[in-house]
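Bear in mind that the values in this text are calculations on the coordinates, not laboratory data. Since this is a predicted model, take the numbers as computed values, not measurements. For neighbour counting, all protein chains shown are included, and Cβ atoms are generated from backbone atoms with ideal geometry for every residue, glycine included.
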Amino acid sequence: MTEPIVEIKDLHYAYEDKMALNHININIYEGDFLGLIGPNGGGKTTLIKLLLGLITPQQGSIRLFGQKIEHFKDWNRIGFVSQKSNSFNRGFPATVKEVVSTGLTASIGYFKFFTKADRKKVADAIATVGMSDYINQNIGDLSGGQQQRIFIARALVSNPKLLILDEPTVGIDTENVQKFYRLLDKLNKENNITLLLVSHDIGTVTKYVNGVACLNKVMHFHGKTADFSSLSEQQISQFYGHDLNLVTHHD
């Protein structure tokens, strides 16, 4: 078997006396589309912070692309898209092209001139998410679903191999949520980008992902989507610690 691009072993993290993650083990392989689900306060955000190097494991280890995270430097290989509602000011005076260009800052530095190759990367990323017609439009004028496509383009412009998305459909209407998930499916299957999607929407997520990890301080389930879908609603509710009303959305 090939080496995982994310390897988490016996990961533990607590905030003072409050447990966040308790001995987590998980592998993510190239080409995976993994849905990370679980209740609020279940440790999903903490796990993402650990994967992005924002906080340090208290116990256990994380390896990214075969390297220990404490030695990992090639962060351009990992893209991140956060919740739109928490990360963007709609009044920000910038065009789509300018917003996507900020995704190159880490590789070319601040206050540097963009080369012709850089501009092509920006245009290509915008085209990948189907937003070329809006390249010169102010991002504040776009719908929520369109804005999230632009934030994905910003993450894609550095050509990442792993894309982490934290509740990216918050505040987006149902119709655009379905379009958004179809875009992610395309990125995974046609662009060969490995995806880690954090979401509360179990019904929709399991329609697109090929693996599920159910986290509530401990990893209750980590496996194929088909195996997760075969679980009863009662079993999944036990993972969450409360009753659930699972809804499957249709296009």
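With the Cα gyration tensor of segment 112-251 giving a ≥ b ≥ c as the square roots of its eigenvalues, does the rule (a/c under 1.5 for rounded; else a/b larger than b/c for prolate; else oblate) give rounded, prolate or oblate?
Details: a/c = 2.66, a/b = 2.01, b/c = 1.32.
Since a/c reaches 1.5 and a/b is larger than b/c, the shape of segment 112-251 is classed as prolate.
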From the phi of every residue in segment 207-216, what ³J(HN,Hα) in whole Hz does the Karplus formula 6.51 cos²θ - 1.76 cosθ + 1.60 yield, where θ is phi - 60° and glycine or proline is x? 6, 10, 6, 9, x, 10, 10, 9, 10, 9
Cut-off under 5 Å, modelled amide H: who pairs with residue 6 long-range: 28, 65
Before rounding to the nearest 500, sum -39500 (n - 2.57) across all DSSP H runs of length at least 4 in the chain and divide by the residue total; then give [θ] at 222 nm in deg cm²/dmol. -9000 deg cm²/dmol
Amide H contacts of residue 36 (H built 1.01 Å from N, under 5 Å, at least 5 apart or other chain): 197, 198, 199, 213
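Which order results if 174, 204, 225 are arranged by neighbouring Cβ count within 10 Å, fewest first?
174, 225, 204
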Share, in percent, of DSSP beta bridges within the chain that are antiparallel, nearest 5: 55
Taking only the alpha carbons of the chain, what extent do you get along each of the three principal axes, in Å, biggest first? 51, 43, 38
By how many degrees, between 0 and 90 and to the nearest 10, does the Cα long axis of helix 144-156 differ from the longest principal axis of the chain? 90
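In what sequence do 219, 19 fall when counting other Cβ within 10 Å, fewest first?
Details: 219 22, 19 12.
Listing 219, 19 from fewest to most nearby Cβ atoms yields 19, 219.
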Using the alpha-carbon atoms, what tilt in degrees (0 to 90, nearest 10) does helix 116-128 show relative to the longest principal axis of the chain? 50
Hz values of 3J(HN,Hα) by residue in segment 9-18 - Karplus curve (6.51, -1.76, 1.60), Gly and Pro given as x: 10, 6, 6, 9, 8, 9, 9, 6, 9, 9
Classify segment 117-186 from the C-alpha gyration tensor, please: rounded if a/c falls under 1.5, else prolate or oblate depending on whether a/b exceeds b/c. oblate
Which loop trypsin sites (Lys or Arg not before Pro) in segment 1-74, with loop taken from DSSP, have no more than 16 other Cβ atoms within 10 angstrom of their Cβ? 73
Karplus couplings for segment 178-192 from phi (6.51 cos²θ - 1.76 cosθ + 1.60, θ = phi - 60°), rounded to Hz, Gly and Pro as x? 5, 5, 5, 5, 5, 5, 4, 4, 5, 4, 6, 7, 9, 9, 6
Can you list residues whose amide H is under 5 Å from residue 163's amide H, if they're 5+ apart or on another chain and H is modeled 1.01 Å from N? 79, 194, 195, 196
Net dipole in debye of the chain [+1 Lys, Arg Cβ; -1 Asp, Glu Cβ; about Cα centre; nearest 20]: 840
Using a/c under 1.5 as the rounded threshold, could you call segment 177-219 rounded, prolate or oblate? The axes a ≥ b ≥ c are square roots of the C-alpha gyration tensor eigenvalues, and prolate needs a/b larger than b/c, oblate otherwise. oblate
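Rank-order 24-30, 195-201 by packing density, defined as the average count of other C-beta atoms within 10 Å over each peptide's residues, highest first.
On the way: 24-30: 18.3, 195-201: 21.1.
Most protected by this proxy first, the peptides run 195-201, 24-30.
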